[in-house]
Amino acid sequence: MNQFTSNKSELIQVLQKIDTPTICNAIEALRNKRDLEGFLGMGIRCLLPKLGTMVGYAVTATVDSSTPDIPKDKDVWFDWPKAMEASPKPSILVFKDVGPQPLKSAHFGEVMGTIAVRLGAVGIITDGGIRDIDELFDLGFHCFAAGLVPSHGNPRILTINIPVIIDGVTIHPGDLLHGDVNGVTTIPAELASRIPDAVEKIRQSEKEFMEFVKGTEFSMEGLYERKVSH
């Protein structure tokens, strides 16, 4: 147990100061395993890189805006703000697009973003589209999506707070997520409090290696010893 095990807000503040690739390196080190699990690929783009690092807890939903002429269920729609209100903070919306044309859909823009910010959300991750990107930037609302579209089609929220699969990664309600210009990763709950210490070790190791590469003692033999034989 360490200081971050019981102090979640302090952990969030520390994680916000770490880039996502280093978070991924720390997870690999703690798991002692290198694979393709837990992080999203190139299909989910950071659309507002100038906003920096996003950290928060998942509020999940399935959505569809590309099936026409079906009225929205207002009660289900209202489950969305209720879920955000009840979620640990900060929260991140995770919208799984299950419609027939997810790349022509948009479930999120200025209005939804303003509601989300009011209820403690800091960003959205979706395999569909979003719009009103300038207004979302002004809100300071992080956007990770397949891309941008100008219209919203027939947006409907179908289910709230169930496990969803985004780019092959299963995200559960309450999962801790971390994203920046490089992309998004999940942070396993059992490892979260250990990430800061692992990051410090990685940074020190990388610092020493880079000093060797840039320094006067650089040699091919030394490079082999440091990067190949270990």
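The values are calculated or read from the model by the stated rules, or taken from the named source; none is laboratory data. As the structure is a prediction and not an experimental result, all values here were calculated from the model. Note that each Cβ is placed from the backbone with ideal geometry, even for glycine, and that neighbours are counted across all protein chains shown.
The rows are residues; the columns are (1) within 22 Å of Ala83 (Cβ to Cβ); (2) in contact with a helix residue (DSSP H, G or I) (Cβ under 8 Å, 6 or more places away or on another chain); (3) outside the structural domain of Leu93 (by TED's automatic domain parsing).
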position	(1), (2), (3)
Ser9	yes, no, yes
Ile12	yes, no, yes
Thr22	no, yes, yes
Ala29	no, yes, yes
Leu40	yes, no, no
Lys50	no, yes, no
Asp64	yes, no, no
Pro68	no, no, no
Lys72	yes, no, no
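Residue by residue, here is whether (1) among the acidic types (Asp, Glu); (2) in contact with a His (Cβ under 6 Å, 6 or more places away or on another chain); (3) touching a residue at least 60 places away in the same chain (Cβ under 8 Å); (4) surrounded by 14 or more Cβ atoms within 10 Å (Cβ to Cβ) holds:
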site	(1), (2), (3), (4)
Ser91	no, no, no, yes
Ser105	no, no, no, yes
Val117	no, no, no, yes
Ser151	no, no, no, no
Arg156	no, no, yes, yes
Ile160	no, no, yes, yes
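When you look at Gly56, is it at pLDDT 95 or above, under 16 Å from the mean Cα position of the chain (by Cα) and not in a loop (DSSP other than H, G, I, E, B), yes or no?
yes
Consider only pairs whose beta carbons are under 6 Å apart and that are at least six residues apart or on different chains; among these, list those whose first residue lies in the stretch 37-63 and is in contact (Cβ under 8 Å) with a residue 12 or more places away in the chain and whose second residue is among the acidic types (Asp, Glu).
Cβ pairs passing all conditions: Leu40/Asp167; Gly41/Asp167; Gly43/Asp167; Ile44/Asp167; Thr53/Asp180; Ala58/Asp175; Val63/Asp97.
Condition first: touching a strand residue (DSSP E or B) at 6+ places or on another chain (Cβ under 9 Å) and either assigned to a helix (DSSP H, G or I) or within 19 Å of Ile18 (Cβ to Cβ) (or both). Can you find one or more residues in the stretch 152-171 that meet it?
No, every residue in the stretch 152-171 fails to be touching a strand residue (DSSP E or B) at 6+ places or on another chain (Cβ under 9 Å) and either assigned to a helix (DSSP H, G or I) or within 19 Å of Ile18 (Cβ to Cβ) (or both).
Mind listing just one residue for me: the one in the stretch 6-31 that is touching a residue at least 24 places away in the same chain (Cβ under 8 Å) and part of a loop (DSSP other than H, G, I, E, B) and, of those, surrounded by the most Cβ atoms within 10 Å (Cβ to Cβ)?
Ile18
Does at least one position in the stretch 99-106 carry a residue that is outside the structural domain of Asn154 (by TED's automatic domain parsing) and hydrophobic (A, V, I, L, M, F, W, C)?
no
Any residue at all in the stretch 118-131 that's in contact with a Gly (Cβ under 6 Å, 6 or more places away or on another chain), closer than 18 Å to Lys72 by Cα and not in a strand (DSSP E or B)?
The answer is no; no qualifying residue exists.
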